[in-house]
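Undergrad: My questions all concern the structure below.
The values are calculated or read from the model by the stated rules, or taken from the named source; none is laboratory data. Just so it is clear, the model here is predicted, and its values are computed rather than measured. Glycine also receives a Cβ, built like all others from the backbone with ideal geometry; neighbour counts cover every protein chain displayed.
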Amino acid sequence: MPEVKDELPESPGPLSAEPPDEKPRRSPVKFILLVMLLLALSAGIWAYFEFRDQVSSDDAQVDAHIMAIAPKIPGNVLAVLVLDNQPVKAGDVLVRIDPRDYQARVDIARAALSQAESQLHTAQTVVPLTNDTTQSGASGAAAQRADAMAELDRARLVYEQAASSDIAVVEANVRTKQAGNERAQADLARMKPLLDKAEISRLQFDAYQATARVAESELRAAREQVASVQQNAGIRKAAVGAAQSRVSLAEAQVEAALANRKQVDVRRAESGTASAGVASARANLAAAELQLSYTTLMAPVDGVVTRKSVEPGQVVQPGQGLMTIIPLQDVWVTANFKETQLATVHPGQRAEIKVDMYGRSVAGHVDSISGATGSRLSLLPPENATGNFVKVVQRIPVKILIDQTNGLVLRPGMNVDATIFTK
């Protein structure tokens with residue numbers, strides 16, 4: 001049996017807003033969603049092209065050279081001339097240590113240097129004096145030896161003459177006189193019998209007798225002359241011995257003079273020792289003055305004093321930290337990038353640093369990339385040789401130098417966002 005549907009006639013109610021013959025209006029929600037989708041798509045496309053050539057990291061901080069000020073010598077602090085967080089210039093005096101002990105050491109070292117220089121001057125003066133004196137002595141001894149040898153030669157010549165020619169002459173004369181005497185005595189002996197027989201006169205006999213006496217006297221004189229010549233030869237021989245002794249003495253003096261010449265080398269060695277003593281004294285004085293200079297601690301660079309922990313009257317030791325100076329004009333940024341971000345990063349690329357404190361950005365450039373990851377350089381590096389290893393993306397520090405601070409004061413440790421433009 002066919003189904004019968006009840007159809008009720010549509011009656012326009014009093015609440016109907018549209019006439020029955022008009023089309024329904026479209027909802028604006030779909031249009032808004034479509035516009036938003038297009039905007040998001042456009043923003044994504046823009047963001048892709050805008051950020052595809054740059055990498056960013058919010059794990060970045062400002063770094064700087066932190067210079068610890070510590071004494072090199074022990075001592076009592078006389079004055080502290082700076083306050084905490086006070087700006088200082090390079091060369092400004094920070095702390096003064098009592099210098100009296102070190103000044104006394106400088107005075108002692110300076111006196112020792114003066115003494116060493118005086119000894120050196122004396123040694124240098126003695127060297128030429130000794131050289132001249134010994135040279136003169138050696139020359140005089142050599143001259144005396146030459147004179148003695150010449151005198152020895154003369155004495156030998158005279159002795160040889162006296163021992164040969166003079167003695168031969170006087171001996172020949174003795175023989176001549178002896179022959180004359182023998183002949184005169186013989187004549188006298190022959191004449192005496194003739195005188196007894198009165199064959200010759202007394203006058204003639206006296207003549208023969210006088211001739212015999214003269215011959216005897218001449219013989220006696222000749223013999224005495226031989227003795228004198230022999231005695232003179234002995235004297236000449238003794239003179240030769242004396243001359244030989246003088247030659248030996250002169251040679252000994254020459255050897256002594258040559259030995260004295262060695263004093264020049266000794267004096268020169270003493271001068272060298274004195275010179276070394278002067279050098280040592282000067283080094284000691286320089287060391288003492290250096291120690292004295294350490295009593296004044298000065299700022300090595302321009303910066304700001306931080307963490308001051310010294311007060312007047314305090315006794316400090318070498319290496320004890322007194323304060324820290326931060327050179328705010330020489331800062332950089334250390335940004336820790338993920339290892340997956342650094343494939344196209346290299347030194348020299350432009351960078352932008354946004355400072356959280358100011359909400360402003362400064363310009364910079366990449367200086368260098370660390371040789372190892374931050375975890376590897378940590379105090380306790382991770383040990384991955386375990387069974388529960390989980391791979392974690394590592395971060396590598398990148399040093400970024402700041403080109404312009406734009407008047408912003410950047411302090412070490414401040415948080416910044418670093419962006420590197422790879423193209």
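Undergrad: I'd like to know if region 322-345 contains one or more residues that are loosely packed, with under 15 Cβ neighbours inside 10 Å, farther than 30 Å from residue 297 by Cα and β-branched (Val, Ile, Thr).
TA: Within region 322-345, one or more residues are loosely packed, with under 15 Cβ neighbours inside 10 Å, farther than 30 Å from residue 297 by Cα and β-branched (Val, Ile, Thr).
Undergrad: Go through 68, 90 for me and flag whichever is among the hydrophobic types (A, V, I, L, M, F, W, C), part of a strand (DSSP E or B) and surrounded by fewer than 16 Cβ atoms within 10 Å (Cβ to Cβ).
TA: 68
Undergrad: I'd like to check something: does region 247-264 contain any residue that is polar (S, T, N, Q), surrounded by 17 or more Cβ atoms within 10 Å (Cβ to Cβ) and more than 30 Å from residue 125 (Cβ to Cβ)?
TA: Within region 247-264, not a single residue is polar (S, T, N, Q), surrounded by 17 or more Cβ atoms within 10 Å (Cβ to Cβ) and more than 30 Å from residue 125 (Cβ to Cβ).
Undergrad: Would you tally the residues in region 404-419 being part of a loop (DSSP other than H, G, I, E, B) and among the aliphatic types (A, V, I, L, M)?
TA: Here the count works out to 4.
Undergrad: Identify the single condition in (1) surrounded by 13 or more Cβ atoms within 10 Å (Cβ to Cβ); (2) at pLDDT 75 or above; (3) of a type in the set (Gly, Ala, Ser); (4) under 30 Å from residue 246 (Cα atoms) that residue 112 does not satisfy, given that it satisfies every other one.
TA: (4)
Here is a yes/no grid of residues against (1) at pLDDT below 75; (2) over 21 Å from residue 148 (Cα atoms); (3) touching a His at 6+ places or on another chain (Cβ under 8 Å):
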{"residue": "181", "(1), (2), (3)": "no, yes, no"}
{"residue": "185", "(1), (2), (3)": "no, yes, no"}
{"residue": "192", "(1), (2), (3)": "no, yes, no"}
{"residue": "199", "(1), (2), (3)": "yes, yes, no"}
{"residue": "202", "(1), (2), (3)": "no, yes, no"}
{"residue": "207", "(1), (2), (3)": "no, yes, no"}
{"residue": "259", "(1), (2), (3)": "yes, no, no"}
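Undergrad: Looking at 275, 309, 361, which one is among the polar types (S, T, N, Q) and surrounded by fewer than 14 Cβ atoms within 10 Å (Cβ to Cβ)?
TA: That would be 309, the only listed residue that is among the polar types (S, T, N, Q) and surrounded by fewer than 14 Cβ atoms within 10 Å (Cβ to Cβ).
Undergrad: Another question, if that's okay. Please tell me if residue 336 is in a loop (DSSP other than H, G, I, E, B), of a type outside the set (A, V, I, L, M) and more than 42 Å from the chain's Cα centre (by Cα).
TA: So residue 336 fails the test.
Undergrad: I'm trying to understand the selection: among the residues of region 193-208, which are in contact with a Lys or Arg (Cβ under 9 Å, 6 or more places away or on another chain) and within 23 Å of residue 179 (Cβ to Cβ)?
TA: Across region 193-208, the qualifying residues are 205, 208.
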